[in-house]
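Inspection log for the structure reproduced underneath, given as C-alpha coordinates.
The values are calculated or read from the model by the stated rules, or taken from the named source; none is laboratory data. Keep in mind it's a predicted model, so treat the numbers as computed, not measured. Glycine also receives a Cβ, built like all others from the backbone with ideal geometry; neighbour counts cover every protein chain displayed. Heads up: the accessible areas ignore ligands, DNA and RNA and are worked out on the full protein's heavy atoms, side chains in. Shrake-Rupley method; radii C 1.70, N 1.55, O 1.52, S 1.80 Å.
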Amino acid sequence: MQRVLLITGASSGIGAATARAAAREGYQLVLAARSADKLTALAQELGPENVLACELDVTDMEQQQAMIEQTLETFGRLDAVFANAGQGGSSGGFSGADHRVWREMILTNVYGVGLTLQASLPALKRSKGHVLLTSSAAGRSTIPGSMYSATKWAVTGIGYNLREELRGSGMRVTLIEPGMVDTPFFDEPPETALEARDIANAVIYALSQPAHVDVNEILIRPTPPSD
Ligand code: NJP
(Lines give C-alpha, C1' and ligand atoms only; values in the text may rest on other atoms or scores of the structure.)
Protein backbone atom coordinates (compact mmCIF):
# COMPACT_ATOMS: atom_id res chain seq x y z
CA MET A 1 0.00 0.00 0.00
CA GLN A 2 1.37 3.42 -0.99
CA ARG A 3 1.29 6.02 1.75
CA VAL A 4 -0.19 9.47 1.06
CA LEU A 5 1.65 12.67 2.08
CA LEU A 6 0.13 16.15 1.78
CA ILE A 7 2.54 19.11 1.58
CA THR A 8 1.52 22.78 1.81
CA GLY A 9 3.93 25.30 0.30
CA ALA A 10 4.89 22.67 -2.27
CA SER A 11 5.38 25.02 -5.22
CA SER A 12 9.01 25.91 -4.39
CA GLY A 13 11.87 25.62 -1.91
CA ILE A 14 11.61 23.16 0.98
CA GLY A 15 8.13 21.93 0.03
CA ALA A 16 9.09 21.13 -3.58
CA ALA A 17 12.35 19.45 -2.47
CA THR A 18 10.38 17.34 0.02
CA ALA A 19 7.92 16.37 -2.71
CA ARG A 20 10.82 15.14 -4.88
CA ALA A 21 12.36 13.19 -1.97
CA ALA A 22 9.02 11.65 -0.95
CA ALA A 23 8.25 10.65 -4.56
CA ARG A 24 11.56 8.73 -4.58
CA GLU A 25 10.39 6.98 -1.37
CA GLY A 26 7.19 5.87 -3.12
CA TYR A 27 4.66 8.24 -1.55
CA GLN A 28 1.52 9.41 -3.31
CA LEU A 29 1.48 13.18 -2.97
CA VAL A 30 -0.96 16.02 -2.49
CA LEU A 31 0.84 19.25 -3.38
CA ALA A 32 -0.72 22.55 -2.30
CA ALA A 33 0.15 26.21 -2.88
CA ARG A 34 -1.29 29.27 -4.65
CA SER A 35 0.87 28.91 -7.83
CA ALA A 36 -1.06 26.36 -9.89
CA ASP A 37 1.43 26.55 -12.79
CA LYS A 38 4.37 25.52 -10.60
CA LEU A 39 2.40 22.70 -9.00
CA THR A 40 1.35 21.38 -12.43
CA ALA A 41 4.98 21.41 -13.61
CA LEU A 42 6.11 19.57 -10.47
CA ALA A 43 3.33 17.00 -10.86
CA GLN A 44 4.47 16.38 -14.46
CA GLU A 45 8.04 15.91 -13.26
CA LEU A 46 7.07 13.46 -10.50
CA GLY A 47 4.48 11.44 -12.43
CA PRO A 48 0.94 12.85 -12.51
CA GLU A 49 -0.67 9.49 -11.66
CA ASN A 50 0.74 9.72 -8.12
CA VAL A 51 0.22 13.44 -7.56
CA LEU A 52 -2.82 15.58 -6.79
CA ALA A 53 -2.06 19.27 -7.31
CA CYS A 54 -4.27 21.62 -5.25
CA GLU A 55 -4.28 25.34 -5.84
CA LEU A 56 -5.08 26.84 -2.45
CA ASP A 57 -4.46 29.70 -0.09
CA VAL A 58 -3.86 28.18 3.34
CA THR A 59 -5.79 31.03 4.99
CA ASP A 60 -9.05 29.84 3.38
CA MET A 61 -10.84 27.06 5.32
CA GLU A 62 -13.22 26.17 2.47
CA GLN A 63 -10.26 25.54 0.17
CA GLN A 64 -8.50 23.49 2.87
CA GLN A 65 -11.59 21.30 3.40
CA ALA A 66 -12.06 20.87 -0.35
CA MET A 67 -8.42 19.75 -0.62
CA ILE A 68 -8.92 17.03 2.01
CA GLU A 69 -12.15 15.85 0.32
CA GLN A 70 -10.32 15.66 -3.02
CA THR A 71 -7.45 13.79 -1.36
CA LEU A 72 -9.78 11.13 0.03
CA GLU A 73 -11.68 10.85 -3.27
CA THR A 74 -8.42 10.46 -5.21
CA PHE A 75 -6.26 8.29 -2.93
CA GLY A 76 -8.75 7.00 -0.33
CA ARG A 77 -6.53 7.84 2.65
CA LEU A 78 -4.16 10.38 4.18
CA ASP A 79 -1.11 9.25 6.16
CA ALA A 80 0.94 12.40 6.73
CA VAL A 81 0.66 16.17 6.45
CA PHE A 82 3.64 18.53 6.16
CA ALA A 83 2.27 22.00 7.05
CA ASN A 84 5.10 23.97 5.50
CA ALA A 85 3.60 27.01 3.72
CA GLY A 86 5.02 30.22 5.11
CA GLN A 87 6.08 33.76 4.33
CA GLY A 88 8.71 36.18 5.57
CA GLY A 89 8.11 39.56 7.16
CA SER A 90 9.15 43.10 6.59
CA SER A 91 12.22 44.85 7.97
CA GLY A 92 11.99 47.71 10.46
CA GLY A 93 11.33 45.84 13.67
CA PHE A 94 8.26 46.38 15.84
CA SER A 95 8.78 50.13 15.52
CA GLY A 96 8.88 50.36 11.74
CA ALA A 97 7.80 47.19 9.88
CA ASP A 98 4.92 47.31 7.40
CA HIS A 99 1.91 46.12 9.43
CA ARG A 100 0.12 44.95 6.24
CA VAL A 101 2.96 42.50 5.61
CA TRP A 102 2.63 41.33 9.23
CA ARG A 103 -1.05 40.59 8.72
CA GLU A 104 -0.57 38.36 5.69
CA MET A 105 2.42 36.64 7.29
CA ILE A 106 0.69 35.95 10.60
CA LEU A 107 -2.42 34.65 8.83
CA THR A 108 -0.32 32.34 6.64
CA ASN A 109 2.27 31.16 9.17
CA VAL A 110 -0.02 30.68 12.18
CA TYR A 111 -3.73 30.71 11.24
CA GLY A 112 -3.02 28.81 7.99
CA VAL A 113 -1.22 26.07 9.91
CA GLY A 114 -4.18 25.82 12.29
CA LEU A 115 -6.58 25.47 9.37
CA THR A 116 -4.46 22.77 7.70
CA LEU A 117 -4.50 20.84 10.98
CA GLN A 118 -8.23 21.24 11.60
CA ALA A 119 -9.10 20.19 8.04
CA SER A 120 -6.79 17.14 7.99
CA LEU A 121 -6.99 15.75 11.54
CA PRO A 122 -10.15 13.64 11.03
CA ALA A 123 -8.50 11.74 8.15
CA LEU A 124 -5.16 11.54 9.98
CA LYS A 125 -6.83 10.11 13.09
CA ARG A 126 -8.24 7.27 10.99
CA SER A 127 -4.77 6.40 9.65
CA LYS A 128 -2.93 7.06 12.97
CA GLY A 129 -1.06 9.56 10.87
CA HIS A 130 1.91 11.88 11.20
CA VAL A 131 1.90 15.71 11.35
CA LEU A 132 5.06 17.63 10.43
CA LEU A 133 5.32 21.38 10.82
CA THR A 134 7.90 23.81 9.44
CA SER A 135 8.87 26.00 12.33
CA SER A 136 12.38 27.50 12.25
CA ALA A 137 15.60 28.04 14.12
CA ALA A 138 13.98 31.49 14.41
CA GLY A 139 11.22 29.78 16.41
CA ARG A 140 13.75 28.64 19.02
CA SER A 141 15.88 31.74 19.44
CA THR A 142 15.64 35.50 19.99
CA ILE A 143 15.80 37.74 16.92
CA PRO A 144 15.53 41.46 17.73
CA GLY A 145 12.41 43.08 16.30
CA SER A 146 11.31 40.01 14.32
CA MET A 147 7.59 39.34 14.01
CA TYR A 148 8.54 36.47 11.65
CA SER A 149 10.45 34.82 14.49
CA ALA A 150 7.37 35.29 16.72
CA THR A 151 5.19 33.46 14.17
CA LYS A 152 7.64 30.55 14.21
CA TRP A 153 7.64 30.50 18.03
CA ALA A 154 3.88 30.11 17.61
CA VAL A 155 4.38 27.16 15.22
CA THR A 156 6.73 25.55 17.75
CA GLY A 157 3.98 25.99 20.35
CA ILE A 158 1.40 24.49 18.00
CA GLY A 159 3.61 21.41 17.62
CA TYR A 160 4.04 20.93 21.38
CA ASN A 161 0.37 21.53 22.15
CA LEU A 162 -0.91 19.37 19.28
CA ARG A 163 1.28 16.48 20.47
CA GLU A 164 -0.41 16.66 23.87
CA GLU A 165 -3.90 16.85 22.31
CA LEU A 166 -3.11 13.70 20.32
CA ARG A 167 -1.47 11.79 23.19
CA GLY A 168 -2.81 8.22 23.21
CA SER A 169 -4.03 8.38 19.59
CA GLY A 170 -0.99 6.65 18.09
CA MET A 171 -0.33 9.79 16.03
CA ARG A 172 3.01 11.58 15.80
CA VAL A 173 4.02 15.25 15.58
CA THR A 174 7.39 16.45 14.29
CA LEU A 175 8.69 20.02 14.26
CA ILE A 176 11.17 20.76 11.47
CA GLU A 177 13.32 23.75 12.45
CA PRO A 178 15.64 24.93 9.66
CA GLY A 179 18.29 27.60 9.88
CA MET A 180 18.97 29.59 6.69
CA VAL A 181 18.04 27.66 3.56
CA ASP A 182 18.75 28.74 -0.02
CA THR A 183 15.17 29.07 -1.38
CA PRO A 184 13.09 31.82 -3.04
CA PHE A 185 12.24 32.86 0.56
CA PHE A 186 15.38 35.04 0.36
CA ASP A 187 16.37 37.46 -2.40
CA GLU A 188 20.01 36.80 -1.57
CA PRO A 189 20.65 33.91 0.82
CA PRO A 190 24.03 33.88 2.57
CA GLU A 191 26.75 31.67 1.07
CA THR A 192 26.62 29.29 4.03
CA ALA A 193 22.89 28.54 3.66
CA LEU A 194 21.58 24.99 3.65
CA GLU A 195 20.00 23.52 0.53
CA ALA A 196 16.28 22.70 0.39
CA ARG A 197 17.09 19.01 0.00
CA ASP A 198 18.94 19.08 3.35
CA ILE A 199 15.60 19.85 5.00
CA ALA A 200 13.75 17.34 2.80
CA ASN A 201 16.17 14.67 4.10
CA ALA A 202 15.17 15.54 7.68
CA VAL A 203 11.47 15.22 6.80
CA ILE A 204 12.05 11.82 5.21
CA TYR A 205 14.05 10.69 8.26
CA ALA A 206 11.15 11.56 10.59
CA LEU A 207 8.58 9.94 8.29
CA SER A 208 10.64 6.76 7.93
CA GLN A 209 10.83 5.88 11.63
CA PRO A 210 8.84 2.94 12.95
CA ALA A 211 5.45 3.65 14.58
CA HIS A 212 6.85 3.60 18.14
CA VAL A 213 9.36 6.40 17.37
CA ASP A 214 8.02 9.96 17.53
CA VAL A 215 10.76 12.35 16.33
CA ASN A 216 9.64 15.43 18.27
CA GLU A 217 11.82 18.06 16.60
CA ILE A 218 14.78 18.43 14.29
CA LEU A 219 16.82 21.66 14.43
CA ILE A 220 19.08 21.92 11.38
CA ARG A 221 21.64 24.68 10.96
CA PRO A 222 24.45 25.16 8.43
CA THR A 223 27.88 24.13 9.68
CA PRO A 224 29.77 27.33 10.54
CA PRO A 225 32.48 28.02 7.94
CA SER A 226 35.92 26.67 8.89
CA ASP A 227 38.74 29.15 9.58
O1 NJP B 1 10.41 29.36 0.90
P2 NJP B 1 9.60 29.45 -0.47
P3 NJP B 1 10.87 28.10 1.78
N4 NJP B 1 -1.13 29.78 0.86
O5 NJP B 1 9.25 30.89 -0.59
C6 NJP B 1 3.81 28.86 -0.14
C7 NJP B 1 10.22 28.14 6.44
N8 NJP B 1 11.61 28.45 6.67
O9 NJP B 1 10.79 26.83 1.07
O10 NJP B 1 1.54 30.06 -2.67
C11 NJP B 1 -0.54 28.72 0.31
O12 NJP B 1 10.37 28.78 -1.56
C13 NJP B 1 4.51 29.32 -1.41
O14 NJP B 1 3.77 29.03 -2.56
P15 NJP B 1 2.84 30.06 -3.40
C16 NJP B 1 9.34 29.24 5.88
O17 NJP B 1 8.93 30.13 6.88
C18 NJP B 1 12.42 28.83 5.65
O19 NJP B 1 12.16 28.51 2.38
O20 NJP B 1 2.76 29.38 -4.72
N21 NJP B 1 0.78 28.60 0.11
C22 NJP B 1 5.71 28.37 -1.41
O23 NJP B 1 5.37 27.12 -1.95
C24 NJP B 1 8.20 28.41 5.34
O25 NJP B 1 7.29 28.09 6.37
C26 NJP B 1 13.75 29.11 5.92
O27 NJP B 1 3.53 31.37 -3.38
C28 NJP B 1 1.53 29.65 0.47
C29 NJP B 1 6.01 28.20 0.08
O30 NJP B 1 4.85 28.60 0.80
C31 NJP B 1 8.87 27.12 4.87
O32 NJP B 1 10.17 27.12 5.47
C33 NJP B 1 14.24 28.99 7.20
C34 NJP B 1 1.00 30.80 1.04
C35 NJP B 1 7.19 29.05 0.48
O36 NJP B 1 8.30 28.57 -0.20
C37 NJP B 1 9.06 27.02 3.39
O38 NJP B 1 9.76 28.16 2.91
C39 NJP B 1 13.39 28.60 8.20
C40 NJP B 1 -0.40 30.85 1.23
N41 NJP B 1 -1.01 31.90 1.79
C42 NJP B 1 12.07 28.32 7.93
N43 NJP B 1 2.02 31.67 1.31
C44 NJP B 1 14.72 29.55 4.89
N45 NJP B 1 14.40 29.48 3.59
O46 NJP B 1 15.84 29.94 5.25
C47 NJP B 1 3.16 31.07 0.90
O48 NJP B 1 13.88 28.49 9.43
N49 NJP B 1 2.88 29.85 0.40
| field | Distance in nm between pseudo-label sites at Arg221 and Gln87 (7 Å out along the Cβ direction from Cα) | value | 2.9 nm
| task | Given the options Gln65, Gln209, Gln118, state which has the largest fluctuation in a GNM of the chain using a 10 Å cut-off (strictly under) for Cα springs. | result | Gln209
| Mean separation of Cα pairs under 8 Å and 6+ residues apart, divided by the residue count of the chain: what relative contact order is that in percent? | 19 percent
| What is the log10 of I(q)/I(0) for the range 1-46, computed with the Debye formula using one identical point scatterer on each Cα and no solvent, at q = 0.18, 0.20, 0.26 Å⁻¹? | -0.43, -0.53, -0.89
| message | Compute the distance from the alpha-carbon center of the range 129-145 to that of the range 62-82, in whole Å. | response | 25 Å
| message | What would the Debye equation give as log₁₀ I(q)/I(0) for the range 1-108 at q = 0.17, 0.20, 0.22 Å⁻¹, counting only Cα atoms as equal point scatterers? | response | -0.75, -0.96, -1.12
| task | For Phe185, Phe75, Phe82, write out the residues from largest to smallest accessible area, computed with a 1.4 angstrom probe and no ligands counted. | result | Phe185, Phe75, Phe82
| field | Sites matching GluC sites (Glu not before Pro) across the range 178-227 that sit in DSSP coil, with at most 11 neighbouring C-beta atoms within 10 Å | value | Glu191
| Potential extension, Arg20-Lys125 segment - 0.36 nm per residue separation minus Cα distance | 35.2 nm
| field | Estimated distance in nm for a label pair at Glu73 and Ala36, the labels positioned 7 Å out from Cα along Cα-to-Cβ | value | 1.5 nm
| task | Over all directions, average the projected area of the Cα convex hull of the range 4-220 and note it in nm². | result | 11.4 nm²
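Tell me the net charge near Ser149. Cut-off is 14 Å between Cβ atoms, Ser149 excluded, with +1 for each Lys or Arg and -1 for each Asp or Glu.
Numbers: positive: Arg140, Lys152; negative: Glu177.
Local charge sum for Ser149: +1.
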